[in-house]
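The values are calculated or read from the model by the stated rules, or taken from the named source; none is laboratory data. All of these numbers come straight from a predicted model, not from anything done at the bench. Virtual Cβ from ideal backbone geometry, glycine too; neighbours counted across all protein chains shown. Surface areas here come from the heavy atoms of the whole protein model, side chains and all, with no ligands, DNA or RNA. Shrake-Rupley method; radii C 1.70, N 1.55, O 1.52, S 1.80 Å.
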Amino acid sequence: MALNDRQAPVCDRAINLLLRTQNPDGSWPAFEGDDPEGCWTTALAALALRFIRSPSAPLKKALCWLLNYQGREGHWFWRWKFRTVDRAVQFNPDKYGWPWFPGTVSWVVPTAFSLIALKQSFPGCRTEVVTNRIQLGMEMLRDRACPEGGWNAGNGMVFGSPLTPHIDTTAIALLAFTEPADGTAVQALNRLRALCVDCSSAYSLAWATIAFIVHQDEAVKHCIGNLHQALSSRKPISNIETLSLAAIAINAAQGNPNPFSSGDLK
């Protein structure tokens, strides 16, 4: 996604790897040769292929898989268990999203990526199945938000205590919110602004910048400045994910396409 406008052999090899490693059911593994049942990377691979305008057949298979993929609490037995026995975490098991891996419960980041992929692929008139799945995922994000705004990794409350939101998780979750003046999003944006004031992590600042751009928030100016400062630090950054996210954030701040934008906020 960071190199989508570059005509380079490295891009072609990366695209070929994605197309070659897709599972027969439309999902993607975390690593080549692993996870035949698929995992959270399916949504991310779909976002990448759609952004680079790859052939549509692999995307269609991936979207069908995403529509049928759900957290373990989507099964009646686990909903009953979380309501009656396992009460350590506080959430509504009727509202479920997407897990990291099959057979596990819903988490914020894979749910957000899946919602973005579905919203991008069905921007206009949606079938009832697509609409209901998107709505259920959005309700899960609202239900798992931290009491003071933003998101932790999975739940907002554990053992009766509120959890602290993370910058990256909050920013990624915000990318799934496209409805204007959504109360949960407004509260999360306020929290994200405060969290970014003293942040020096290029990874977190890149995600925050992308989220502020999508929500047309003025905090992007301060955030992109901090991101440039983090990148020019004496400590070199060699992590590919961080460098890619930074490139995507800087490109988007310059008015170039944003691969994580799931709709226009008006």
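Of the residues Phe177, Phe31, ranked by 1.4 Å probe accessible area with the largest first, the sequence reads Phe31, Phe177. Note on the chain: GNM, Cα springs under 10 Å; of Arg20, Arg144, Arg72, the largest mean-square fluctuation is that of Arg20. A Förster radius of 35 Å, combined with the Cβ-Cβ distance separating Ile52 from Glu148, puts the computed FRET efficiency at roughly 0.40.
Among Lys119, Lys95, Lys221, the sequence by solvent-accessible area, most first, with a 1.4 Å probe is Lys221, Lys95, Lys119. Taking amide H as placed 1.01 Å from N in the peptide plane, the amide H of Met157 sits under 5 Å from that of Gln90, Leu163, each at least 5 places away or on another chain.
Entry comment: accessible area of the range 172-266 is 50 Å² per residue, from protein heavy atoms only and a probe of 1.4 Å. For the chain, the relative contact order comes to 15 percent (Cα pairs under 8 Å, sequence separation of at least 6).
For the range 182-266, the relative contact order works out to 32 percent when only alpha carbon pairs closer than 8 Å and six or more residues apart are counted. Label separation (Glu139 vs Glu37): 2.5 nm, computed from points 7 Å beyond Cα along the C-beta direction.
Surface composition of the chain: carbon and sulfur make up 55 percent of the accessible area, probe 1.4 Å. The helix-based estimate of mean residue ellipticity at 222 nm for the chain, built from -39,500 (n - 2.57) per DSSP H run of four or more residues and divided by its residue count, is -16500 deg cm²/dmol to the nearest 500. Of the residues Ile172, Ile250, the one with the largest accessible area comes first in the ranking Ile250, Ile172, computed with a 1.4 Å probe on protein heavy atoms.
Of the residues His166, Ala253, Pro58, the one whose Cα sits farthest toward the positive end of the charge dipole of the chain, with +1 on the Cβ of Lys and Arg and -1 on the Cβ of Asp and Glu, is Pro58.
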